[in-house]
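The values are calculated or read from the model by the stated rules, or taken from the named source; none is laboratory data. As the structure is a prediction and not an experimental result, all values here were calculated from the model. With ideal geometry, Cβ positions are generated from the backbone for all residues, glycine too; neighbour counts draw on all protein chains shown.
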Amino acid sequence: MPLIWCSISGHGYGHAAQVVPVLNALGRLVPNLSAILRTSVPADFFEPRLDIPWQLKVGQQDIGCIQDGPLKIDVSRTWAAHSVLHSDWQQKIEAEAALIRSAGPACVLSDISHLGIAAGAATGIPTIGLCSLSWDLVLEPFADPAQREHATILRQIREAYAKADCFLRVAPALAITAFHPVREIGPIAEPAVPQPAALRKAIGAGQSERVVLVGFGGIALRAFPFEHMEAMDGFRFVVDGVVPNGLTRVLSLASLGMTFKAVMASVDMILTKPGYGTIVEAVALGIPVVYVRRYNFPDEPPLVDHLHRYGRGAELSLADFLQGRWNAAIEQAFARPLSSTPPPLSGAQDAAHILKAVSYTHLRAHETVLDLVCRLLLEKKKHMLR
């Protein structure tokens, strides 16, 4: 049975959310494909989403950054955690490589663990990076020149990334610099089928009421202005988190019996942070977004640009969010016209074709994995021009 090893960052759920559509697309191209998911993301994230047979092999693949809630990076704890991960770094690579060898996959896919890439490269198995960011670019602004260890950690991350056979840069993305070669692919998302009537019935929304999903990704927000939300006439709010008892306009998503993706596809608006999956799916579905910026995440600008270029969005300051002063931003987002057609959600299919080629196409004499990817992309382009 064909097997792919997937090293997935456990920093939130966004990295797993990029990998799942790729695996589903690859499963449609490669009969009997199965996957080993090497990650700290829990199994219940994959169970309703992943269509191919899979096995979870729990293990921390990277740190990313340690956050104090979804909107703030705890810089000192982040570097401390990286210090622990990078102690005995070579031994960690060798141990991870031994696990990969014992599984015998045709390919290693990493989003975007430098440990997974270094280990995959050490086995000689084709190793592909996939993401819209890289951790060296996230960490670099927080590096202290007086701390030599910070520079060492960044160097080790970049050295690991450089060992990938190819990097698939998922649009919209940062200008990735640590990988070579880089291949551009389209946005990745698998939006659910909208069920607005079912959602409105489940929450008891009136015909004229607007339904807003409030969610901040896989890292929980501890404070919501519930009193202000309850007082907003003409709205119903579905919160991805715990909701106090006694509220009528605000419900917990967990109480509805619908998945997050199904609710997101069915609401009138989303209030969130600029995370990859939420922004790309909202744009594809034409759903307005009110967002609270983090400003210390370098992957935010391309996502905000994507939203304003192809979708409808408005920024809400953190202070206004916490005080419940939402109305102006909500009305602004609803009033924005759609300016242009968003790019197709082709990234999963693009990545699947490359992964299939890398894993199951024989290399010609003296041909590298990069040569193979370039040859196949050129052949595909020539075929499309006929």
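A few comments on the model shown:
- Output for the stretch 202-223, where each listed residue is over 24 Å from the mean Cα position of the chain (by Cα) and either touching a residue at least 40 places away in the same chain (Cβ under 8 Å) or under 30 Å from H15 (Cα atoms) (or both): A202, I203, R210, V211
- Scan of the stretch 6-46 for residues that are closer than 14 Å to A352 by Cα and either of a type in the set (F, W, Y) or assigned to a loop (DSSP other than H, G, I, E, B) (or both), ordered by number: V30, P31, L33
- Pair list, Cβ < 8 Å and 6+ apart or interchain, from the stretch 168-192 residues that are under 23 Å from I157 (Cα atoms) and in contact (Cβ under 8 Å) with a residue 12 or more places away in the chain to residues that are aromatic (F, W, Y) and assigned to a strand (DSSP E or B): I176/F167; F179/F167; H180/F167; P181/F167; V182/F167; R183/F167
- Listed here are the strands (runs of 3 or more DSSP E) enclosed by the stretch 146-219 that have at least 1 residues being assigned by TED's automatic domain parsing to the domain that holds G313: 210-214.
- The combined condition, being aromatic (F, W, Y) and touching a helix residue (DSSP H, G or I) at 6+ places or on another chain (Cβ under 6 Å), is fulfilled by W5.
- Search result, residues across the stretch 232-271 that are touching a residue at least 24 places away in the same chain (Cβ under 8 Å) and small (G, A, S): G234, G241, G257, A262, A265, S266
- Conditions (1) without any contact (Cβ under 8 Å) to a residue 12 or more places away in the chain; (2) in contact with a strand residue (DSSP E or B) (Cβ under 7 Å, 6 or more places away or on another chain); number of the one not met by M1: (1)
A quick yes/no check of all residues on (1) in contact with an Asp or Glu (Cβ under 7 Å, 6 or more places away or on another chain); (2) closer than 18 Å to S40 by Cβ; (3) without any contact (Cβ under 8 Å) to a residue 24 or more places away in the chain:
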{"residue": "P70", "(1), (2), (3)": "no, yes, no"}
{"residue": "T78", "(1), (2), (3)": "no, yes, no"}
{"residue": "V84", "(1), (2), (3)": "no, yes, yes"}
{"residue": "Q90", "(1), (2), (3)": "no, no, yes"}
{"residue": "A106", "(1), (2), (3)": "no, no, no"}
{"residue": "L109", "(1), (2), (3)": "no, yes, no"}
{"residue": "I112", "(1), (2), (3)": "no, yes, no"}
{"residue": "T127", "(1), (2), (3)": "yes, no, no"}
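Results for (1) buried (at least 24 other Cβ atoms within 10 Å of the Cβ); (2) within 18 Å of V211 (Cα to Cα); (3) outside the structural domain of V20 (by TED's automatic domain parsing); (4) touching a residue at least 12 places away in the same chain (Cβ under 8 Å), shown as yes or no for each residue.
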| residue | (1), (2), (3), (4) |
| --- | --- |
| I279 | yes, yes, yes, yes |
| I287 | no, yes, yes, yes |
| R294 | no, no, yes, yes |
| P298 | no, no, yes, yes |
| A319 | no, no, yes, no |
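- The set of residues from the stretch 319-346 being outside any loop (DSSP other than H, G, I, E, B) and under 26 Å from P70 (Cα atoms) comprises A319, D320, F321, L322, N327, A328, A329, I330, E331, Q332, A333, F334.
- Residue within the stretch 225-233 that is of a type in the set (D, E, K, R) and either buried (at least 20 other Cβ atoms within 10 Å of the Cβ) or under 28 Å from the mean Cα position of the chain (by Cα) (or both) present: no
- Within the stretch 260-281, tally of residues that are of a type in the set (S, T, N, Q) and within 17 Å of the chain's Cα centre (by Cα): 2
- Residue match in the stretch 60-83 (condition: assigned to a strand (DSSP E or B) and over 30 Å from F321 (Cβ atoms)): no
- Matching residues, the stretch 31-50, being of a type in the set (A, V, I, L, M, F, W, C) and surrounded by fewer than 21 Cβ atoms within 10 Å (Cβ to Cβ): I36, A43, F45, F46, L50
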